1. Would you rank LEU180, LEU169 by solvent-accessible area, highest first, keeping every protein chain in place and using a 1.4 Å probe?
2. With a 1.4 Å probe and all protein chains kept in place, how much accessible area does GLU255 have, in Å² rounded to the nearest 10?
3. At 1.4 Å probe size, what's the solvent-accessible area of VAL287? Round to the nearest 10 Å².
4. Taking a 1.4 Å probe, which of HIS158, HIS139, HIS330, HIS211 shows the most accessible area, and what order do the others take after it?
5. For ARG249, ARG120, what's the largest-to-smallest order of accessible area, 1.4 Å probe?
6. At a probe radius of 1.4 Å, what is the per-residue accessible area of SER296, in Å² to the nearest 10?
7. On each of the three principal axes of the Cα atoms of region 124-198, give max minus min coordinate, whole Å, ordered largest first.
Amino acid sequence: ATFVGVGEIYEYPPHIALDGPYSEPHSDVVELELELRAWHVLAAVDALLLLFSVSAALLAASWRPGRKVMSIAATQDAARHSFAPGGGPDEEGGDDSGWKLVSSAGVGTKYGLHVYTRGRCAQGRCGGCECRIEATAPHGVAEMACIFGEVDLLPTWHPLVPRSAFLALDAEACAFTGVLEAALPWPLPRIGAVLDLQADIDRLANDGVFHVDATTDTEIEKTRLPPWARKLRLVPIDGTLAIRFTPVRGGTKLEIRYAIDFAALPPLPFAPKRAIDWLFFIAGPLVWGTITRMLSKQLSAKSRIGARLANDSLGMWSRIRAGVGQEAPHWIAAAGEDPKCE
């Protein structure tokens, strides 16, 4: 008797009969099947941890103050072009060749996640990788943007961010600078990240979409940082992510576009793009499930983010709603009546 697993055939012990009068599932068969499934899961987890440890060790060994181990800077023009009128992968005139779907979640439902990548190759060498993340959620544009826009509230929901703060804020231009501390898993050290977010107000007014460029700042003066952030190593990655929030019926479509330049990476025992595809494949559905639960919990009248949205003392979130043509969700009124509303 045999059991067909993932690409393999396993022999059952000869004393286990799968036909005849005793053809009901035998307890030994069930236990063996569960063991085989568990083995596949553990093997995948072990391989993932091994890849993570080797990569982290190599990056840590090559990390020197002031050195960038990865760059996304070369993608600014490409990312902005992808979201320009007539220039995106899903729009007329866009380059839609070479994209590979590497991860998805919520397939066949109204709300889900799709991750695409494609190599940036020349003369037989892959020097980089472009990534395109598309997700749809049942929340408004302003509400989804607020999750990351209220930088000082990141520690209230993100388990890897113990501290964060605003450094500058311009509500009229929908632009701000913030700093955060990331408590990464072992063997990586705690690092800091300074983020500059700049919205395209013209596109909000003319096209009804909320487009943001998120840029890391690795050259900021230490005096601008709070005392706890001055001791942190800033993440050795520079560049820009292009993010677009588009209103759709019943929610928002989020698109993130960026590319990674491998030129600054130290020699690795594996192809970086293949590792990125694999990590997206493994982590995509898990992360998407966590994100959807987090959004449902945080975008409510009982959260601090909900209170901040209801207060909206600077009028930024109501301005975004007006630009994209959406109304405030029903729970905003209840959040505004809460005594903790900031």
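The values are calculated or read from the model by the stated rules, or taken from the named source; none is laboratory data. Since this is a predicted model, take the numbers as computed values, not measurements. Each accessible area value is taken on the protein alone, full model and side chains, heavy atoms only, with ligands, DNA and RNA left out. Shrake-Rupley method; radii C 1.70, N 1.55, O 1.52, S 1.80 Å.
1. Sorted by accessible area, descending: LEU169, LEU180.
2. Here the accessible area works out near 10 Å².
3. Using a 1.4 Å probe on the heavy atoms, I get roughly 70 Å².
4. HIS330, HIS158, HIS139, HIS211
5. Descending accessible area places them as ARG249, ARG120.
6. Taking all protein chains as shown, SER296 has close to 70 Å².
7. 47, 30, 25
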